[in-house]
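The values are calculated or read from the model by the stated rules, or taken from the named source; none is laboratory data. Please read these numbers as outputs of a predicted model, since none were measured by experiment. In this analysis, Cβ positions are derived from the backbone assuming ideal geometry, glycine residues included, and neighbour counts consider all displayed protein chains. Calculation scope for accessible area: heavy atoms of the full protein, side chains included, ligands and nucleic acids excluded. Shrake-Rupley method; radii C 1.70, N 1.55, O 1.52, S 1.80 Å.
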Amino acid sequence: MKILGTGLNGLVGSKLVSDFSNTYTFENLDLRNPIQPVDITNEKQVMSVLSQNDAPFLVHMAAYTDVTGAWQQTDDQSGPCYKINVEGTRNIVKACEETGKHLIHISTAYVFDGEKQEQYSETDTPNPIEWYGKTKALAEEIVQASNGNWTILRIDQPFRNDSFPKIDTLHRLIEGMKIGKLYPQFTDHYFGPTYINDFVKIIDFVIRTNLTGLYHASSGETWTDYAFAQLINQTLNLNFAVQEGSLANYLQTSSRPYQKNTSLNIDKLKGSLDFTLLSIEEAVKETIR
Ligand SMILES: NC(=O)c1ccc[n+]([C@@H]2O[C@H](COP(=O)([O-])OP(=O)(O)OC[C@H]3O[C@@H](n4cnc5c(N)ncnc54)[C@H](OP(=O)(O)O)[C@@H]3O)[C@@H](O)[C@H]2O)c1
């Protein structure tokens, strides 16, 4: 089966391609394609590719993902963050709708404000507190307003077992410990790590089962930065003395907002999966260094 994608060269997308190249033929709407470059912010380019392609699914991963860079563009609708995340998604949604393609849209836990004490579920109302989250929440609204088939998968802090040019949370911690430079790790910041090797299986599941709707698709676990760093330290025998830090203290010195909790409840999806997700402890054991 042919699968169209955006962002398939990225941290998450490239894993989907490498793990499922025997199952699907992927075609990427790619800025860097030498023959037919596609900028998703260009409505005509997007429509042209989709109308000439009979792939039944499009996995939309392309995004402006630099959260600090996004914050520096706050409220700037002519900046790349808004243009890629909102206008780019609008173009993808419209073209999928007009060409009858099922859109699988990848989103983020940063649509939430982080004030909840428990894990967020799909029924919680988004209330983003910074520009990246705001643009991704607007993108979700555009997808949800579509008359076509759509699936939204929200993830948080994705990491993979191998290293990748755009460094993920796991490998940033490994690097920091190896060179002996790691900031104190917050004991009061909670997140829901997503093992990309499992997440790409969830995308395959959505394709195989034509699943539609909004789903949380992390590991379903909640970790603090400190506990996660300690897990990596111990599992990989890095022998580093991880220091404890406090997000509450850090926020007193930073003007950039941070969500205190982005962990996701995945019960809605987990109940229907036909395979078992690895625990984060098992996932970290799979790390290739
Ligand atoms: N990474 C995270 O921490 C995280 C957390 C939660 C959710 N997510 C979501 O997961 C998805 C994948 O994230 P990721 O970390 O894999 O992203 P990434 O590594 O930053 O890759 C983003 C991709 O988007 C492409 N892209 C950017 N602008 C484009 C444009 N105008 N036209 C076409 N392609 C464009 C890039 O192409 P080039 O390679 O050519 O630059 C790149 O392949 C995103 O939707 C993101 O919001 C990520």
### Query
Angle, helix 131-144 long axis vs. longest principal axis of the chain, Cα atoms, 0 to 90°, nearest 10?
40 degrees
### Task
Return the long-range amide H neighbours of L214 (sequence gap of 5 or more, or a different chain), with a cut-off of under 5 Å between placed amide H atoms.
I152
### Task
Just add up the charged neighbours of Q45: K/R +1, D/E -1, any other residue whose Cβ is under 12 Å from the Cβ of Q45.
-2
### Message
Quick check: Cα centre of region 15-73 to Cα centre of region 106-123, how many Å?
### Response
26 Å
#### Entry: In order through region 2-15: 3J(HN,Hα) via Karplus (6.51 cos²θ - 1.76 cosθ + 1.60), integer Hz, x for Gly, Pro
7, 10, 7, x, 10, x, 6, 8, x, 4, 7, x, 5, 6
### Query
Roughly how many Å² of S272 are accessible to a 1.4 Å probe, to the nearest 10?
50 Å²
#### Entry: Degrees separating the helix 196-209 axis from the principal Cα axis of the chain, which is the longest one
30 degrees
### Message
Suppose we look only past 18 Å in the calculated P(r) of region 183-289. What percent of the Cα-Cα pairs does that tail hold?
### Response
57 percent
### Message
If I fit a long axis through the Cα atoms of helix 169-178 and take the longest principal axis of the Cα atoms of the chain, what angle between them do I get, 0 to 90°, rounded to 10?
### Response
40 degrees
### Task
With the full set of protein chains in place, find how many percent of the accessible area of the chain is carbon and sulfur; take the probe as 1.4 Å.
47 percent
### Task
Determine the gain in length on full extension of the stretch T23-N237; use 0.36 nm per residue of separation and subtract their C-alpha separation, reporting nm with one decimal.
73.4 nm
### Length-normalised contact order for the chain - Cα pairs under 8 Å, 6+ apart - percent
19 percent
### Task
From the C-alpha gyration tensor of region 2-285, pull out the three semi-axes of the equivalent ellipsoid (sqrt of 5λ each), sorted largest to smallest, in whole Å.
31, 21, 18
#### Entry: Table column - 3J(HN,Hα) (Hz), region 54-61, Karplus curve with 6.51, -1.76, 1.60, x for Gly and Pro
9, 4, x, 10, 10, 9, 9, 10
### Task
Taking a cut-off of 15 Å between Cα atoms, list the aspartates and glutamates near K134, but don't count ones fewer than 8 places away on the same chain.
D66, D75, D76, E87, D113
#### Entry: Amide H contacts of I3 (H built 1.01 Å from N, under 5 Å, at least 5 apart or other chain)
T25, F26, E27
### Query
Once phi is turned into ³J(HN,Hα) by the Karplus curve 6.51 cos²θ - 1.76 cosθ + 1.60 with θ = phi - 60°, what whole-Hz value does each residue of region 249-264 show in order, with x for glycine and proline?
5, 4, 5, 5, 10, 10, 8, 6, x, 10, 6, 7, 9, 10, 6, 10
### Summary
Residues whose modelled amide H sits under 5 Å from the amide H of T108, counting only those 5 or more places away in sequence or on another chain, are I155
### Task
Please identify which residues in region 40-78 have an amide N closer than 17 Å to a label point set 7 Å out from the Cα of E175, following the Cα→Cβ vector.
65-69
### Message
Helix-only mean residue ellipticity at 222 nm, the chain, DSSP H runs n ≥ 4 weighted -39,500 (n - 2.57), per residue, nearest 500. What is it?
### Response
-9500 deg cm²/dmol
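Which value, in Å², gives the accessible area per residue of the chain when a 1.4 Å probe is used on the protein heavy atoms?
Accessible area per residue, the chain: 46 Å².
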